[in-house]
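Each remark here refers to the structure printed beneath this line.
The values are calculated or read from the model by the stated rules, or taken from the named source; none is laboratory data. Every value quoted in this text rests on a predicted model; they were computed, and no experiment measured them. Virtual Cβ from ideal backbone geometry, glycine too; neighbours counted across all protein chains shown.
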Amino acid sequence: MNNKFKTSTICIQGGWEPKKGEPRVLPIYQSTTFKYDTSEQMAKLFDLEEPGYFYTRLNNPTTDAVASKICALEGGVAGLLTASGQAATFFAVLNICESGDHIVSASTIYGGTYNLFSVTLAKMGIEVTFVDQDSTEEEIQKAFKPNTKVMFGETISNPGVQVLDIEKFSRIAHSNGVPLIVDNTFATPINCRPFEWGADIVTHSTTKYMDGHATSVGGAIIDSGNFDWNAYGEKFHGLTCPDPSYHGLTYTKAFGKAAYITKATVQLMRDLGSTQSPQNAFLLNLGLETLHLRMPRHCENALKVAKYLSNNPAVAWVNYPDLETDKYNALAKKYLPNGSCGVLSFGLKGGREASLKFIDNLKLTAIVTHVADARTSVLHPASHTHRQLTDEQLLAAGVAPDLIRFSTGIEDVDDIIDDIQQALDAK
Ligand SMILES: *Cc1c(COP(=O)(O)O)cnc(C)c1O
């Protein structure tokens, strides 16, 4: 159903097209394994000569259906689900990079991704250079090295809500002969489709708006199929040279535009096993069925909250890209014309102490390690998600010490604003 229908239709019907007598609703294939009639059929599967399911660690009909729905929403050619957003980012990079390679990443990214890149990938011999995404092309260019294999950024950064200039990043990436990976978690394909602006691969924490109800941790990787791996000799040799673990098969030759996702599935999932469970994929699919209805409401509520905060004398500053006065409003208008997301960040005049007191006084709004779901929630990144970072790293990640991350839900916005006001009054 790729690209044939409009977004809302894909949200509801994409990915699962039952044939005669099959369940109307995507079933949970709660099976580790799949049956074949002859040994030869099975052998062909293991040689990747025939498509099919053999073991749920690699893939499963339920997870595949949901991956293809997200793929259709993003306008990609192939996709896979992962056990978490972290696994999606990790696999998206590891599918291209190995020890000795280098990546260039925006510094204003999710704290977990920052740690993944700067600590865990470093231990594996993959080096990262963080750049200020708002710098000029010339400035960012300086971060590239001969062994750079990937460029990375977030459409809307968590928690700073900075908007990425995707076209600028893709120009820089492509002039250096590397793909651009964009984490599109906060925008979702309802509000932005990074492939239309030159991104090559998109990742998601489906845990957030896509699930939307805070029930299931998960992730997704979607490939646009646009990056020409073969154009750079052996630079991307994992994709363009024979894989000895499949009798010398070459992914780009055997699978064309599906090479990247096929390699991630049959090599990384096979060896590292971080697939999403069919049960979680089923719940994710229910969330996706209303994504196109929820996102506009999140944006509408968040804009009202942002305007209310901007006019409140207790508030020192507010970041929300849809505010006309926001530093990122021009980029938001270009990349996110229908609204950005439900998340905003702000600080109170009393600084860090006042921010913490305010959070403790909220009643309807809950303090949770979560963001971007139906229920309004709040977090103080410097004390919570980003507490491993030094002050210097915090600033580089766009996290001021007093920053309150406010995730506007889809309740009645008057109740959300009343809650904020009573918490400000209660000091
Ligand atoms: C939450 C989040 C992640 C990590 O996803 P998990 O599902 O928690 O592993 C990655 N990127 C962004 C932008 C996120 O908000």
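Below are the figures for this structure:
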quantity: Test for P159: is it crowded, with 24+ Cβ neighbours inside 10 Å, within 16 Å of the ligand (Cβ to nearest atom) and modelled with pLDDT under 95; calculated: yes
quantity: Positions within segment 56-72 being modelled with pLDDT of 95 or more and either surrounded by fewer than 24 Cβ atoms within 10 Å (Cβ to Cβ) or more than 17 Å from F195 (Cα to Cα) (or both), in sequence order; calculated: T56, R57, N60, P61, T62, T63, D64, A65, V66, S68
quantity: Tally of residues being in a strand (DSSP E or B), within 16 Å of the ligand (Cβ to nearest atom) and either out of contact with any Gly (no Cβ under 9 Å at 6 or more places or on another chain) or among the hydrophobic types (A, V, I, L, M, F, W, C) (or both) across segment 318-371; calculated: 2
quantity: Any chance F152 is away from the ligand (no atom under 14 Å from the Cβ), touching a residue at least 40 places away in the same chain (Cβ under 8 Å), in contact with a strand residue (DSSP E or B) (Cβ under 9 Å, 6 or more places away or on another chain) and not basic (K, R); calculated: no
quantity: When residues of segment 162-185 are limited to those that are within 16 Å of the ligand (Cβ to nearest atom) and aliphatic (A, V, I, L, M), the one farthest from D200 (Cα to Cα); calculated: V163
quantity: Helices (runs of 4 or more DSSP H) wholly inside segment 33-144 that include at least 1 residues being under 16 Å from the mean Cα position of the chain (by Cα), of a type outside the set (D, E, K, R) and under 25 Å from T207 (Cα atoms); calculated: 61-74, 85-94, 111-115
quantity: Some residue of segment 242-265 being in contact with a helix residue (DSSP H, G or I) (Cβ under 8 Å, 6 or more places away or on another chain), within 13 Å of the ligand (Cβ to nearest atom) and not aromatic (F, W, Y); calculated: no
quantity: Residue pairs meeting the criteria (Cβ under 7 Å; at least 6 apart or on separate chains; first charged (D, E, K, R), in segment 113-129; second away from the ligand (no atom under 15 Å from the Cβ)); calculated: E127/H102
quantity: Failed criterion for D243 (all others in (1) closer than 25 Å to W197 by Cβ; (2) without any contact (Cβ under 8 Å) to a residue 40 or more places away in the chain hold); calculated: (1)
